[in-house]
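The values are calculated or read from the model by the stated rules, or taken from the named source; none is laboratory data. Note that the coordinates shown come from a computational prediction; the quantities given were computed from them, not determined experimentally. Cβ coordinates were reconstructed from backbone atoms using ideal geometry, including for glycine residues, and neighbour counts include every protein chain displayed. The accessibility values were calculated without ligands, DNA or RNA, using every heavy atom of the protein model including side chains. Shrake-Rupley method; radii C 1.70, N 1.55, O 1.52, S 1.80 Å.
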Amino acid sequence: MNPNAGEWKPSAAAAEWSPSPSPPPPPPPPPSTMAITGTSNADVNMKMNTDARLAPVEPYDDEDNDDPLWRLVLDKICNGDRDRATRLIADPDSLADYPEVVALIAATSTRGGSAVSTMEVDDGGDDWEEGVDDGNKYDNNSGADACVNDLVDAVKGIDVDFKEGSPDSVAAADYSADAIQAVEGDPREHLNLVFIGHVDAGKSTLSGNILYLTENVDKRTIEKYEQEAKERNRESWFLAFIMDTNEEERAKGKTVEVGRATFETKHHRYSILDAPGHKNYVPNMIMGASQADVGVLVISARKGEFEAGFDKGGQTREHALLAKTLGVSFLVVVINKMDEPTVRWRRERFDECVNKLRPFLKGCGFKIKKEVKFMPISGLNGANVKDEVDPKECGWWANCWKTGENNTSQPTLMGLLDSLEMKGRDPNAPVRIPVLDRYSDRGTIAMGKVESGTIRPGTKITMMPTRQTYKVDGIWSEETPIATARPGENILIKIGGAGMEDVQKGFVICTDPPCRSVDKLICQIMVMDLPEHAKILTAGFQAVFHAHCAEEEATVTKIFETTDKKGKVHKGAHFANVGMTVICMIELARTVPCETYDDYPFLGRFTLRTEGKTCAIGIIKKLPPKKE
């Protein structure tokens, strides 16, 4: 700058000058249409980068609603945000990162003719229809839907790798999941089997052997488990290692958590629930039994082990009682370890166990002739599990099952399970799914068993007891997307719009009308046992209320009447002893979703436990009137 320069002033002529109107700038040239012949990401990126890198950002108008690329980006990736969709289409580098776009371009290119350019603005909306020369014409209203149908097949083979947490990645991932067509459920009936019984009765070994005999575990894995069991000096445990997967369970030889596995036969699909037998883990056993359709009560025939489990304090009694309370339809009693040296398949030992169990199971509420089956087996060597025991070892069993003794006309456990038929499952009733657990995986996923009704993606649901409404975004059975879930299915449900805090264990997923949710109820209970410090049950008695998957602190607030063992009714009684039936009112610390037993049996059963004991089993008779 010149320091000597004075202050600049415009001349008089210049001061009077004003700009004249100038012609508008020429419109930018339209991006060229690219013909894509390959299907790889590299080819798509190259074409997009060379043909439309500097394409201007111009908003799409209503005439572009049928362009499949525009509909894909606007509806699925940008969730209706037109400005963002326009920016994405104008930025080919970013757009090529979405596998749906890559698949769409690849799908259109393989149909023959010229593909629609990803950067081309279609003024008339007819180019997509004209670009199809295979005879499948799409009208203006169904072009995007037809494109999505083609996209389904193309998306299946794409391995998506998104950056975690990106909104675009979440939207794209959701679209990918929706684009993959869900399969209809398997027509074979699904049954949940819970294996229960005293500790060391052989539940895990039997469960593992079933998986091995049905070819769900390969021989190499079995050999590895055999070696591991041998190193622990527990050679007979190798089959149990299939179900007992964590180090604590293998080291102690005790199941802690409910093991889960599946197997199939020609007639049914099964889920195995291997429940812990130790008394310290009864709450975990209750969680497994609450989902079960069939209970397999495993009894050890070994001398001394049956007596330890069945005598007072053993878990055989409590498990059988809980199984009935939690809604098991059938109880298959397998007398295990019949090949043990102290037994050697002797019928006398089998009959001794059966004769002691019959009256007890009848007292639990089982109908012996219809609901209880008895069978001798060896869970370790597989005799009577899939194949019948050799008549040379057990000559009396063939005549036993052929004559229908012990309520079974099948020679093996697998055959017996296939012969069972579930009743009372209503696919047309309102949906009821007690929530067993939940976790987060790009949305909140709830785990549960469909107790009644039929649920599909898109179903509007009500979460009880919070009464919040949501929409089902997806359903999976054993990690396979399905279009429909019927009663008896164990499923995963992706709940749209729900956070982890909105879905809790013990909640119930419902369709209209939703189930009740109360903190007071009138019930009928049978007193089974009482803690040491309370020899009678009176008003003020406290315990933990277990119903379906819910647990809540409970207090008996009023006793209306009692019925003693002789059938004598005492109106207005103030206390009850072990063995009595009681009509009483129970108050809960928080509201729990439930129903009366007459309306929904699976939501109307409950158990009261305290100090590690099952004190009472009961059914809900009456609920408070609904509040408007």
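Could you tell me what percent of the accessible area of the stretch 540-590 is made up of carbon and sulfur, with a 1.4 Å probe and every protein chain present? Spell out each step's value before the answer.
Working: 1420 of 2690 Å².
Answer for the stretch 540-590 is 53 percent, counting heavy atoms of protein chains only.
Which pairs in the list 337/565; 370/568; 266/370; 370/622; 303/369; 356/449 are over 31 Å apart, alpha-carbon to alpha-carbon? Mind showing how you got there, number by number?
Details: 337/565 36 Å; 370/568 29 Å; 266/370 24 Å; 370/622 29 Å; 303/369 27 Å; 356/449 34 Å.
The answer is 337/565; 356/449.
So, with a 1.4 angstrom probe, what is the percent of accessible area on the stretch 351-420 that is carbon and sulfur?
About 49 percent, which is the carbon plus sulfur part of the accessible surface.
Sorting check: for 612-619, 584-591, 495-502, 292-299, which peptide has the highest mean count of neighbouring beta carbons within 10 Å, and how do the rest follow? Before the final figure, lay out each step's value.
Numbers: 612-619: 20.6, 584-591: 17.1, 495-502: 14.8, 292-299: 26.8.
Top of the packing list down: 292-299, 612-619, 584-591, 495-502.
Past 25 Å, Cα to Cα, is the threshold; run 362/423; 558/613; 558/621; 367/520; 535/558 against it and keep the listed order. Present the calculation step by step, with values, prior to reporting the outcome.
Numbers: 362/423 21 Å; 558/613 22 Å; 558/621 15 Å; 367/520 31 Å; 535/558 17 Å.
Result: 367/520 exceed 25 Å.
Which net charge results when you count Lys and Arg as +1 and Asp and Glu as -1 among the other residues whose beta-carbon is under 13 Å from that of residue 314? Please list the in-between numbers first.
Working: positive: 279, 312, 317, 356, 613; negative: 200, 305, 307, 311, 318, 529.
Once all neighbours under 13 Å are counted, the net charge is -1.
Could you state the accessible area per residue of the stretch 450-550 in Å², with a 1.4 Å probe and every protein chain left in place? Kindly include the intermediate steps, with their values, before the conclusion.
Values: 4120 Å² over 101 residues.
Here the residues of the stretch 450-550 average 41 Å² of exposed surface.
Please give me the summed charge of the neighbours of residue 563: other residues whose Cβ is under 14 Å from its Cβ, Lys and Arg +1, Asp and Glu -1.
After counting each charged neighbour, the total is +3.
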